[in-house]
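Note sheet for the following structure.
The numbers here are math on the coordinates, done by the rules we state, and not lab data. Given the structure is predicted, the values throughout are model-derived calculations rather than measurements. All Cβ positions, even for glycine, are placed from backbone atoms using ideal geometry, and neighbour counts span all protein chains on display.
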Amino acid sequence: MLLEVKDLRTYLFTKRATVKAVDGVSFYLRRGETLGIVGESGSGKSIMALSLLQMEPKPAGRIVGGEALFRGDDLLRKSQGEMRTIRGRRISMILQDPQTSLNPVFTIGNQLNEAFVTGKQGLARGGVRKAVVDVLRKVNIADPERRVTAFPHQLSGGMKQRVVGAIAISCSPDIVIADEPTTSLDLTIQAQYLRLIKRLQDTTGVGVIFITHDFGIVAKMCDRVAVMYAGKIVEHGPVRSIFNHPSHPYTQALINSVPKLEERTERLYSIPGQPPAPGQELVGCRFAPRCEFADERCRQEYPPQFEGLSRHSEHTADCWRLEDPTWRPSRH
Amino acid sequence: MLRYLIKRLGQTVFTLFAVTVIVFGLGRMTGDPATVLMPVEARQEDRARIMELWGLDQPLHVQYLRYIGNVLRGEFGDSLQWPGRDALELVLLRIGNTLELGLVALLFAVALAVPIGVFSAVYKNSAIDHVGKFIALLGQSLPHFWIGIVFIWIFAVNLRWLPTSGRGTWQHLIMPAVVIGWFQVAALMRLIRSAMLESLDSEYIKLARLKGVRERIVIWKHALRNAAIVPLTYFGIMIAYLVVGSITTEVVFSWPGVGLLVVNAVTARDFPVVQAVTIVFAFVIVLANLVVDVLYGVFDPRIRFE
């Protein structure tokens, strides 16, 4: 097991309230595997990912519990100094917006150099330059020798995001966390970028945590998927199993809200209601106020996790309705 | 970059031209010099002769053209206070002293404001933040001449560490430079603090940390390099303040600079000298702003490659 996260809790302590942004999240990642984390904005996906690297938004954010075992070693117990040697080197991250994630006043080459220099002290000067050009070539940047002297504003959005990708893979990490890497790119560039990630993964065997709100991308990219709602993972399982037998009403609603090409509809489906406001004291199932199946118990008590759904040992979901075996999807 | 520079240079020439119009206009607005300079009982014919002699009987635009012609040739007339001394020469003789003082004051302000601004942002709402704010505000709220006198009393009279006044050794520079520079620390430090806060909150800082870059490099390279662009804008204004600050401070410390000269010239109604000082100060400020604009290009590649 490459990464095993158990009961991770990251709270945001503000003057008004305590926001349980990540509220007991558990998942795992194997070598060479892609895990999708799906959820609406504000569901805690990004804070969860940043917490793994002890980069939760400070000063409000604090990891209050849980463990994150990376090759058996708990990341949450490490000092900031130790984490620095893991960030970028062993676990790297691609941020959402390429327009803002590169430093505008330094060249592409400079920013890539830094990744190499902090990562591998052993490289000689000429070696670093060659490595920079090589990694730019790997992410399909044309004419990389010339691009190293370019500033971010001289590149297109898609190219910038490929540079961010190059930074992420520069030290051959074990895990790349991609936080909505294609959200701000237009559709054709998006498809290109996704293919690029897929290819890099095939050649390097890196484990990818792919954060997105788009189930369409999950279907294309991921082996397994975890659905996050209001700081909790409400359903988790192999992509195929989740798509064929979504067991949590929220997952069902999410899948229903992906527009399908073959259907002609007057109106696109949307989930009624709003996610809980941050800081709201939550008892019971987080989704209950928006759920058409919710009853009194759903609102009072958080449901247990049901396993082995659709006869797949890895498929789990948190929903009271699954107590009734007739509701549990079975494999046909 | 070259085209940008040429464009800026053109604007600079225009600014200086506008300054001459203002200096000329203000001079005429204070009344006609003949009345000021001649005795009350002077005859009308003598007045007219003087007016003719000085060209004051000509229409304003002719007077202005003659004036600008003289300025372009570097002729500001002779000083009235020291007959036979060229006004511009008097200014140029002392401008070096004033620039020396201003430069040291600037270095002092930057040397104090940058670390205070950076640490206040990094350790927001900590003791460092509050103490820094206090030191900076003190400098901004106390008038130059008062700080100057208090400094002389403490460091020269009582402690006998520094000379009371005049120019000579590096010790002579310390007090006046600190007095002028301190005033600038508050504004500069607050600009750096807010720019640093914004920069530290950005995605590129997040990515730098995600790369595993040392916190020291994250702050002093990634964040400060971006944050420096904002206070740069203030530098132009700051130079103006340094020049203005030099006037009172030079008097307090008897610093033989242009500030001291202009105070004497004003009390003696030495108009040619006052005009020469104004033009030279304007030239210095405009030049400083041009340097700032070039520095923009150095700091911000988005401007350089426009």
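Cross-link candidates for A:LYS130: which lysines have Cα within less than 17 Å, leaving aside residues fewer than 8 places away along the same chain?
Candidates past the 8-residue exclusion: A:LYS120, A:LYS138.
Taking beta carbons within 10 Å but only from partner chains, what does the mean come to for residues A:102-110?
The mean count of partner-chain Cβ atoms within 10 Å per residue comes to 5.
How large is the convex hull of the C-alpha atoms of the stretch B:250-296 per residue, in Å³? Before the final figure, lay out the partial values.
Working: hull volume 3.4 nm³, N = 47.
So the per-residue hull volume is 72 Å³.
In the protein assembly as shown, with Lys and Arg counted as +1 and Asp and Glu as -1 at Cβ, which of these residues, A:ILE255, B:PRO301, B:ILE68, has the Cα nearest the positive end of the dipole, that is, farthest along it?
Value computed over the given set: A:ILE255.
Relative to the first principal axis of the alpha-carbon coordinates of chain B, what is the inclination of helix B:60-72, with its axis defined by its Cα atoms, in degrees from 0 to 90 and to the nearest 10?
60 degrees
Does chain B classify as rounded, prolate or oblate by the C-alpha gyration tensor (a ≥ b ≥ c root eigenvalues; a/c under 1.5 gives rounded; else a/b over b/c gives prolate, otherwise oblate)?
oblate
Can you compute the helix-only [θ] at 222 nm over chain A? Use -39500 (n - 2.57) per DSSP H run of at least 4 residues, normalise by all residues, nearest 500 deg cm²/dmol. Kindly include the intermediate steps, with their values, before the conclusion.
Numbers: 12 runs with 106 residues, N = 332.
Estimated from H runs of four or more residues: -9000 deg cm²/dmol.
Please report how far the C-alpha centroid of the stretch B:103-177 lies from that of the stretch A:267-286, rounded to the nearest whole angstrom.
The stretch B:103-177 and the stretch A:267-286 have Cα centres separated by 56 Å.
Where Rh is the Kirkwood radius over the Cα pairs of the stretch B:2-72, the temperature 20 °C and the viscosity 1.002 mPa s, what D in µm²/s does Stokes-Einstein return?
Answer from the Stokes-Einstein relation: 149 µm²/s.
Figure the gain on full extension for B:LEU92 and B:THR267 (residue separation times 0.36 nm, minus the Cα-Cα span) and round it to one decimal in nm.
Roughly 61.0 nm would be gained on extension.
Quick check on the stretch A:105-239: what does the Kirkwood estimate of hydrodynamic radius come out to from the alpha carbon pairs, in Å?
In the stretch A:105-239 this quantity evaluates to 16.0 Å.
What full-extension length gain, to one decimal in nm, is calculated for A:THR149 and A:SER172 as 0.36 nm per residue of separation minus the Cα-Cα distance? Mind dumping the intermediate values first?
On the way: separation 23, 0.36 × 23 = 8.28 nm, distance 2.32 nm.
Additional length available on full extension: 6.0 nm.
For chain B, find the longest principal axis of its Cα atoms and tell me its angle to the long axis of helix B:44-53, 0 to 90°, nearest 10.
Here the helix axis deviates by roughly 50 degrees.
Could you tell me which trypsin sites (Lys or Arg not before Pro) in the stretch B:122-185 are loop residues by DSSP with no more than 16 other beta carbons within 10 angstrom of their beta carbon?
B:LYS124, B:ARG160
In the stretch A:57-91, which residues have a backbone nitrogen under 16 Å from the label point lying 7 Å from B:LEU197's Cα in the Cα-to-Cβ direction?
A:58-60
Measure out, as a whole number of angstrom, how far apart the alpha-carbon centroids of the stretch B:242-294 and the stretch A:7-78 sit.
60 Å
Could you pull out every one of the lysines with an alpha carbon less than 24 Å from that of A:LYS58, ignoring same-chain neighbours closer than 8 positions?
Hits, sequence-local ones excluded: A:LYS6, A:LYS15, A:LYS20, A:LYS45, A:LYS78, A:LYS232, B:LYS124, B:LYS133, B:LYS206, B:LYS211, B:LYS221.
Which residue fluctuates the most in chain A, going by a Gaussian network model with Cα springs under 10 Å, if the choices are A:GLY72, A:GLY165, A:GLY81?
In this elastic network of chain A, the residue with the biggest mean-square fluctuation among A:GLY72, A:GLY165, A:GLY81 is A:GLY81.
Want the number for A:SER313 to A:LYS260: 0.36 nm per residue separation, take away the alpha-carbon distance, what's left? Don't skip to the answer; put the middle values down first.
Details: separation 53, 0.36 × 53 = 19.08 nm, distance 2.91 nm.
Answer, rounded to one decimal: 16.2 nm.
Just want to confirm a number: the relative contact order over the stretch A:263-324, from Cα pairs under 8 angstrom separated by 6+ residues, in percent.
Once normalised by length, the contact order is 22 percent.
Throw me the Rg/Rh for the protein assembly as shown, computed over C-alpha atoms with Kirkwood Rh, two decimals.
Result for the protein assembly as shown is an Rg/Rh of 1.16.
Tell me, what is the percent relative contact order of the stretch B:87-304, built from C-alpha pairs under 8 Å that lie six or more residues apart?
29 percent
Among DSSP bridges having both ends in the protein assembly as shown, what percentage is antiparallel? Round to the nearest 5.
60 percent
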